[in-house]
Ligand SMILES: Nc1ncnc2c1ncn2[C@@H]1O[C@H](COP(=O)(O)OP(=O)(O)OP(=O)(O)O)[C@@H](O)[C@H]1O
Ligand SMILES: [Mg+2]
C-alpha cells in the first residue's frame, strides 16, 4: 500500500497482542483520509477498542507501521496526542459536577479562561446538558454520562476525533441527536474515527467503513460500494416453520449454484443477497413446493449494511 | 514546557481529586489528637513534631489513592490520551503529595502553636523540617504508588494499606520515644521503620537539637526514597493503565 502523507492515519499490517499469544489487532491495513468520517464496524471482541487504543498511543503496536497526522507514534506520541480528541468506551469523570468536569478538562488542555467559559456554555446548550449542569457526573444516567463525555471532548481543538461507541446507552432520539451534532462538527473539517456495532449508525454517519472481525479488516469501502460489492442490490428473506428449514436452505443453495450469497441467521431466517431477486424468489418458491414445506414468510427488500456485514463475516468465517 | 503541564495536573489534583471528607479525617484527626494532648494527656512538645512527621505518611496515602482512583474511574486513561505523558502524570502526583505533606505539617504546627501559646522553630530547624517532610512524603508517596500500581481490587488495596499504615505508625517514634524500656522486638521495629527517622529529624529541627549525625540519617532516608521512587516509576510505567 502506498504511503500518502496527506492521510490522517495510515496503518500497514498493524498488530497488537495483549498476551503475546493471541492478536487482538491482527494485521490491519487501512488509511483514514483527512476530513472523512471513518467507521470501524465489528461485533463484540472484534478488536475495535484495541485498535482505538493503539491509534491514540495508549498502547503500542506489537508490529506494523503506523503514521498519524504524518507522525510516527513511537517517538512523536506527545505531539500526536496534543492534536487528537478521544472519547473512550469506558466512562471517565472527575468527582465534580458536569460543568466542573468541562471546566477542569479545559484547564488540563490549557484553554484560556474566556474561551473555556464560552465553549462550556455552548456545549452544555448544544448537547442538551443545561438542566443537569450542576449534577455530580457520577449521579447521571448512563445516557447522560455518555452525552456529557462526548460533549466534554469538544472543549479543546483537535485534528482527529476518536469515538469508541459513543452512542451506547442512548435512546433513539438522543442517538440521532448526537450523530447530528458530530456531523455538524465534521463540517468544519474534522476527521473522525468512529467505532460501533450498529450498522444503521455507521450507515448514517460514515463516509467509509472498515468491517472488523477477529482483529482483521475484512472489508473496507464506502457504504454504497460495500452494499454493492457484497451481494448485489436486493435481499430475499425467507423462513419456514419447524425443522425443515435446513433442507430448504440446502435445496436453494444448490439451485442458486453460487450465483448469490446465502446466509442463515440465528433465528432461522435465511437471506439471499442477489443481483437477480426474481430468480432468487422463483428458486425459493419452487424448492419449497418440491420439498412440500410451508414458507412462513418471504420478502424482497433493498440490501442494508447489515446484510453486508453478515455476509462479509460469513465469508471470513468460512474462509478459515 | 513540562512544568506548566505538570502544574495543571497538580491544580486538578487539588481541585477535584481530593475529596473534602477524607481531607478532614487525614488532617483533622491528627489535629484533634494534638488538642487532646494539649489538655494534659501527654507531652505536647513531644507529640507535635511527631504528628508533623506523620503528615508525610498521610500525604503518601493521598498520593497513592489518586493513582488508584484515576485508574478506577477512567481518568488516567483519559489523561494519557490527552496532552500528558505518563511521567507528567507521575510528577503531578508526586508534587501534590509533597505540597500536601508540607501543608499538613504546617497545620499541625499551627495547632501546636496555638495550644502552647507560641512555640518557635529556628530557621535551621525549619530547613530540617521542610526537607525531611518533603523527602518523607516522596518516600511514602512512592510506597503507596507501588501499591496502587500493582493492586487492582478495592478491598485488597484498602486492606494492604491499613496493614502497612498500622505498622508504620505504631512501630515508630511518632507517638512514643525509643527507649531501652521497650521490648526488644519493638525497638528493632522502631529502628527499621523509616517513619522513626523522619520523626526524629523533624523533632530535632523542632527542638533545635540537630546534631551532625542527623545528616547521615537524612542521607539514608534520601537514599531509600530514591530507590522507592525509581521502583514506583518503573512499576507504574509498566503497569496496565486500564481497570479490569
Ligand atoms: N486489557 C486486555 N488484556 C487482555 N486482553 C484484552 C484486553 N482488552 C481486550 N482484550 C481482548 O482483546 C480482544 C479485542 O477486544 P476489544 O476490546 O478490542 O474488542 P471490541 O471490538 O472493542 O469489543 P466491544 O464491542 O465489546 O467493545 C478481545 O478478545 C478481548 O478479550
Ligand atoms: Mg470496545
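Each reported figure results from applying straightforward, stated rules to the coordinates on display, with no laboratory input. All values derive from a computational prediction rather than experimental measurement. When we count neighbours, we look across all protein chains shown, and the Cβ atoms used for this are built from the backbone with ideal geometry, even at glycine.
Once the Cβ-Cβ distance of residue A:257 and residue A:207 is raised to the sixth power relative to R0 = 41 Å, the FRET efficiency obtained is 0.70. Taking all Cα-Cα distances within chain A, those exceeding 28 Å account for 49%.
Expressed as a fraction of 2.2 N^0.38 Å, the C-alpha radius of gyration for region B:49-104 is 1.26.
Scaling against 2.2 N^0.38 Å puts the C-alpha radius of gyration of region A:185-225 at 1.22. By DSSP, the beta bridges lying fully in the protein assembly as shown are antiparallel in about 65 percent of cases.
Does region B:118-201 classify as rounded, prolate or oblate by the C-alpha gyration tensor (a ≥ b ≥ c root eigenvalues; a/c under 1.5 gives rounded; else a/b over b/c gives prolate, otherwise oblate)? The shape class here is oblate.
Scaling the Cα radius of gyration of region B:5-238 by the globular reference 2.2 N^0.38 Å produces a ratio of 1.01. Dividing the convex hull volume of the alpha carbon atoms of region A:96-157 by its residue count gives 69 Å³ per residue. For region B:165-244, relative contact order (Cα pairs under 8 Å, six or more residues apart, normalised by length) works out to 23 percent. Under a Gaussian network description of chain B, with springs only between Cα atoms under 10 Å, the residue in B:28, B:205, B:64 that fluctuates furthest is B:28. By the beta-carbon count within 10 Å of each Cβ, the least crowded to most crowded order of B:167, B:190, fewest first, is B:167, B:190. Pairwise Cα distances in region A:1-76 exceed 19 Å in 31 percent of cases. For chain A, what is the mean residue ellipticity at 222 nm derived from helices alone (per DSSP H run of n ≥ 4: -39500 (n - 2.57); sum divided by total residues; nearest 500 deg cm²/dmol)? Rounded to the nearest 500, it is -12000 deg cm²/dmol.
Taking every alpha-carbon pair under 8 Å whose residues sit at least 6 apart, chain A reaches a relative contact order of 19 percent. Pairs of alpha carbons in the protein assembly as shown separated by more than 45 Å make up 35% of all such pairs.
Given the convex hull of the Cα atoms of region B:1-102, what is a quarter of its surface area in nm²?
Projected area, direction-averaged: 6.9 nm².
Using Cα pairs closer than 8 Å and at least 6 residues apart in sequence, work out the relative contact order for chain B, in percent. So the answer I get is 29 percent. Between residue A:44 and residue A:285, the distance separating the two model label sites (each 7 Å from Cα on the Cα→Cβ line) works out to 4.1 nm. How many angstrom lie between the C-alpha centres of region A:131-151 and region B:25-88? Cα centroid to Cα centroid, the span is 30 Å. Within chain A, DSSP assigns beta bridges of which about 65% are antiparallel (rounded to the nearest 5).
Shape verdict for region A:45-116, please, from the Cα gyration tensor: rounded (a/c under 1.5), prolate (a/b greater than b/c) or oblate. Oblate, since a/c reaches 1.5 and b/c is not below a/b. Shown is the FRET efficiency for residue B:216 and residue A:184, computed with R0 = 60 Å from the Cβ-Cβ distance and rounded to the nearest 0.05: 0.35.
When B:157, A:105 are arranged by Cβ crowding within 10 Å, least crowded first, meaning fewest neighbours, the order is B:157, A:105.
Mean partner shielding of peptide B:70-80, defined as the number of other chain Cβ atoms within 10 Å of each residue Cβ, is 5. In this label model, residue B:237 and residue A:243 are separated by 6.4 nm, measuring between points 7 Å along each Cα→Cβ vector.
For chain B, what is the mean residue ellipticity at 222 nm derived from helices alone (per DSSP H run of n ≥ 4: -39500 (n - 2.57); sum divided by total residues; nearest 500 deg cm²/dmol)?
-25500 deg cm²/dmol, from helical runs alone.
Neighbour counting of Cβ atoms within 10 Å sorts the residues A:273, B:150, B:228, fewest neighbours leading, into B:150, B:228, A:273.
For the options A:281, A:205, A:163, a Gaussian network treatment of chain A with springs between C-alpha atoms closer than 10 Å singles out A:281 as fluctuating the most.
Springs join every pair of Cα atoms under 10 Å in this Gaussian network model of chain A, and among A:222, A:96, A:29 the largest mean-square fluctuation is at A:96. Alpha-carbon geometry of region A:232-302: the Rg and the Dmax are 10.7, 29 Å, given in that order.
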